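The next block holds one structure in the form of structure tokens; read it before the comments.
The values are calculated or read from the model by the stated rules, or taken from the named source; none is laboratory data. Source: prediction; values computed, not measured. Here the Cβ positions follow ideal geometry from the backbone for every residue, glycine too, while neighbour counts run over all protein chains shown.
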Amino acid sequence: MRTAARRDALRATAAERGLDAVLVTNLLNVRYLTGFTGSNGALLVRTDGADLFGTDGRYTTQAGTQVPDVELLVGRATVPALAREAVRRGARRLGYESHDLTVDGLHGLERVLDDAAAGGTVPELASVRRAVEAQRAVKDDDEVESLRRACAVADQALAQLAAEGALRPGRTELQVGRELDARMLALGAEAPSFETIVATGANSAIPHHRPDTTVLRDGDLLKLDFGATVDGYHSDMTRTFVLGHAADWQREVYELVAASQAAGRAALAVGADVVAVDAAARDVIVAAGHGEHFTHGLGHGVGLEIHEAPGIGQLGAGSLAAGMAVTVEPGVYLPGHGGVRIEDTLIVTDDAPELLTLTSKELLVL
């Protein structure tokens with residue numbers, strides 16, 4: 001099972017760091033390591049291989065189906081129960097997810113360990129930071145297939161709307177966004193990946209505009225940023241259209257962003273520094289005199305979260321590896337006039353990156 005291999009990888013990390021066990025509390029990380037999709041669960045990954053999954057009585061049956069290969073501990077206070085078991089089973093150094101626990105949660109964990117030790121040796125706590133997220137950054141074959149399906153749903157939903165004339169003057173941003181969401185659900189999405197962005201006219205110059213009652217008009221830019229969730233995995237795509245007829249300045253900005261996006265896609269390679277990838281796309285826009293109008297990073301990882309490692313931007317860190325799923329999404333935003341963003345989801349491979357969002361990037365005038 002894929003999840004068993006993922007736990008083994010975390011087990012190896014724990015052993016390298018001198019830990020006897022790792023307490024995983026982040027629910028998405030629990031899902032990644034076990035397949036469990038409920039709302040209450042935690043996992044104790046032990047270096048000796050005797051892992052323990054904890055949840056409450058609502059999920060006994062579900063856990064038996066989704067996590068059949070891990071010993072089950074059922075109780076309402078899931079994390080304290082696993083912590084007590086870690087002590088009982090001899091853990092001396094216990095890893096925990098410091099980015100997930102609150103300060104109060106950490107103090108509570110310390111009290112539980114102290115009580116469970118009953119005057120004996122209290123396990124030392126050591127943060128594993130984002131060890132599981134680091135694993136999640138590189139997708140396995142099953143994850144890539146889920147991402148392909150999520151991107152295909154988004155592609156099909158947009159194609160249906162465009163073919164039926166739903167992207168037309170007279171409609172509101174909210175109407176378009178709700179219909180796009182409904183199409184993705186009808187095509188098999190569990191949910192939209194995030195709040196769908198529909199931005200027309202001057203609103204398209206706002207990178208993360210929330211759709212409102214603004215009416216689509218002839219001559220407007222129309223920016224759609226959206227995605228579908230399939231098997232828990234998110235797609236992410238942005239396409240920008242022109243309604244009715246395109247002005248020269250709109251075509252110029254679109255061609256500039258398209259050239260920048262192509263440069264960013266071409267820079268995706270195993271071992272490429274994420275800052276250098278951002279620069280490859282950003283330099284195209286800067287050279288055209290629009291550097292100040294590209295106001296965000298080039299892209300980000302995508303998977304069980306819509307934004308996850310790696311971050312591709314001027315403040316990013318690290319390099320790309322085969323199997324990473326990332327977006328490339330440059331934009332030029334002219335306040336009061338309009339903006340263009342073009343975004344794809346891709347998989348970094350040893351060869352050319354695999355493009356998952358297949359909707360045409362030619363400028364479409366609807």
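For the reader, a short list of remarks on this structure follows.
- Qualifying residue in segment 276-297 (condition: in contact with a Ser or Thr (Cβ under 7 Å, 6 or more places away or on another chain), among the aromatic types (Phe, Trp, Tyr) and either on the phi < 0 side of the Ramachandran plot or in a strand (DSSP E or B) (or both)): no
- Selection status of residue 135, within 21 Å of the chain's Cα centre (by Cα) and either free of Cβ contacts under 8 Å to residues at least 40 places away in the same chain or within 30 Å of residue 2 (Cα to Cα) (or both): yes
- Annotation note: of 161, 167, the sole residue that is touching a helix residue (DSSP H, G or I) at 6+ places or on another chain (Cβ under 8 Å), surrounded by 20 or more Cβ atoms within 10 Å (Cβ to Cβ) and not acidic (Asp, Glu) is 167.
- The set of residues in segment 342-366 that are assigned to a strand (DSSP E or B) and touching a Phe, Trp or Tyr at 6+ places or on another chain (Cβ under 8 Å) contains only 365.
- Checking each residue in segment 109-152 for being closer than 20 Å to residue 95 by Cβ and in contact with an Asp or Glu (Cβ under 6 Å, 6 or more places away or on another chain) picks out only 122.
- In the condition set (1) farther than 23 Å from residue 305 by Cβ; (2) in a strand (DSSP E or B), residue 84 is compliant with all but (2).
- Scan of segment 276-318 for residues that are surrounded by 17 or more Cβ atoms within 10 Å (Cβ to Cβ) and β-branched (Val, Ile, Thr), ordered by number: 277, 284, 285, 302, 306, 312
- Matching residues in segment 107-124 - criterion: being assigned to a helix (DSSP H, G or I) and either of a type in the set (Asp, Glu) or in contact (Cβ under 8 Å) with a residue 12 or more places away in the chain (or both): 108, 109, 110, 112, 113, 114, 115, 116, 117
- Taken together, the residues in segment 37-76 that are among the charged types (D, E, K, R), under 25 Å from residue 15 (Cβ atoms) and outside any strand (DSSP E or B) amount to 3.
- Candidates are the residues of segment 222-256 that are touching a strand residue (DSSP E or B) at 6+ places or on another chain (Cβ under 8 Å) and among the acidic types (Asp, Glu); the one that is surrounded by the most Cβ atoms within 10 Å (Cβ to Cβ) is 236.
- Applying the criterion of at least 2 residues that are over 19 Å from the mean Cα position of the chain (by Cα) and assigned by TED's automatic domain parsing to the domain that holds residue 335 to the strands (runs of 3 or more DSSP E) found wholly in segment 181-237 leaves 197-200, 221-226.
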